[in-house]
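S.K.: My questions all concern the structure below.
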Amino acid sequence: MTRLSRAAAVLSPLVLAAGLAGCGLPGPSATSPSPTTEATSPSPSASPSASSASPSASGTATKAAGGTARCLSTQLKGSLAPGQGGAAGTVYQKIVLKNVSKTACLLEGFAGVSLTAGPEGKPIGAPADRDQATAVTPVVLAPGESGAAEFGLRQARTFTGCTVVQAAGLRVYPPEDYGSVFIPAPAAACSNADIHLLTLRAFQPA
């Protein structure tokens, strides 16, 4: 090989590398992954703080709405109190529910009331009709406090066709509760489901 050929063989790779660099093509080091591309992934410490924000937000909303749970039958003791008297064959009394628990609870709206044969007996006749003319008032009962709902009981024997049976008392379901409270109150009832003897008002502070 001549000297000219050896010189050309040595210079060729250098000239090629210089030409590639001049054209802006990346060199071998540019193809290696940059460590900064993984910096966009969320760090593990970010997840717990994001998830812990939800419970605190919902807790604030509950507190703002009042945060008092509704009264359950297990928190209440029932009794009767005198009402407005009687008129046109109807006797008026009050259903009184006392909070016997250690926490405050909310008594709001209408109870479910039926005459019944006993604490575990089935309802007799039709349940109480609601007097929608009465205002619904939120009644928060502190431990030891009571709420009252007035009701009217029409005399069973004044109804033609009434099959008279003896009721042992009232079964009272607090508003929005499936549990009940039994209040002893012997009375004549109609077993006919189409005869409505009871009319009930919403709870008010006792």
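The values are calculated or read from the model by the stated rules, or taken from the named source; none is laboratory data. Every value quoted in this text rests on a predicted model; they were computed, and no experiment measured them. Ideal geometry is used to build each Cβ from the backbone, glycine not excepted, and the neighbour counts take in all protein chains shown.
S.K.: Condition first: of a type in the set (S, T, N, Q) and more than 18 Å from Ala148 (Cα to Cα). Now tell me which residues in the range 106-132 satisfy that.
M.R.: Thr116 - this is the single residue of the range 106-132 that is of a type in the set (S, T, N, Q) and more than 18 Å from Ala148 (Cα to Cα).
S.K.: Go through (1) without any contact (Cβ under 8 Å) to a residue 12 or more places away in the chain; (2) surrounded by 19 or more Cβ atoms within 10 Å (Cβ to Cβ) one by one and return the number of the condition Glu150 breaks.
M.R.: Exception for Glu150: condition (1).
S.K.: Only one of (1) surrounded by fewer than 13 Cβ atoms within 10 Å (Cβ to Cβ); (2) in contact with a strand residue (DSSP E or B) (Cβ under 7 Å, 6 or more places away or on another chain); (3) farther than 21 Å from Pro186 by Cα; (4) at pLDDT below 95 fails for Thr137. Which number is that?
M.R.: (1)
S.K.: Scan the range 132-168 residue by residue and report those that are outside any strand (DSSP E or B), of a type outside the set (Ser, Thr, Tyr), out of contact with any Gly (no Cβ under 8 Å at 6 or more places or on another chain) and over 30 Å from Gly67 (Cβ atoms).
M.R.: Listed by number, the residues that qualify are Ala133, Ala156, Arg157, Phe159, Gly161, Cys162.
S.K.: Condition check: small (Gly, Ala, Ser) and within 32 Å of the chain's Cα centre (by Cα). Does Gly118 satisfy that?
M.R.: yes
S.K.: Restricting to the range 124-134, what's the tally of residues that are at pLDDT 95 or above, on the phi < 0 side of the Ramachandran plot and not charged (D, E, K, R)?
M.R.: The qualifying residues number 4.
S.K.: Give Arg157, Arg171 a once-over and let me know the one that is of a type in the set (D, E, K, R), without any contact (Cβ under 8 Å) to a residue 40 or more places away in the chain and either surrounded by 17 or more Cβ atoms within 10 Å (Cβ to Cβ) or farther than 15 Å from Arg201 by Cα (or both). Give the derivation first.
M.R.: Working: Arg171 fails: without any contact (Cβ under 8 Å) to a residue 40 or more places away in the chain.
None of the other options fit; the residue is Arg157.
S.K.: Does Asp177 satisfy the condition of being more than 24 Å from Asn99 (Cβ to Cβ), assigned to a loop (DSSP other than H, G, I, E, B) and in contact (Cβ under 8 Å) with a residue 40 or more places away in the chain? Before the answer, list the steps.
M.R.: Details: more than 24 Å from Asn99 (Cβ to Cβ): no; assigned to a loop (DSSP other than H, G, I, E, B): yes; in contact (Cβ under 8 Å) with a residue 40 or more places away in the chain: yes.
Criteria not met by Asp177.
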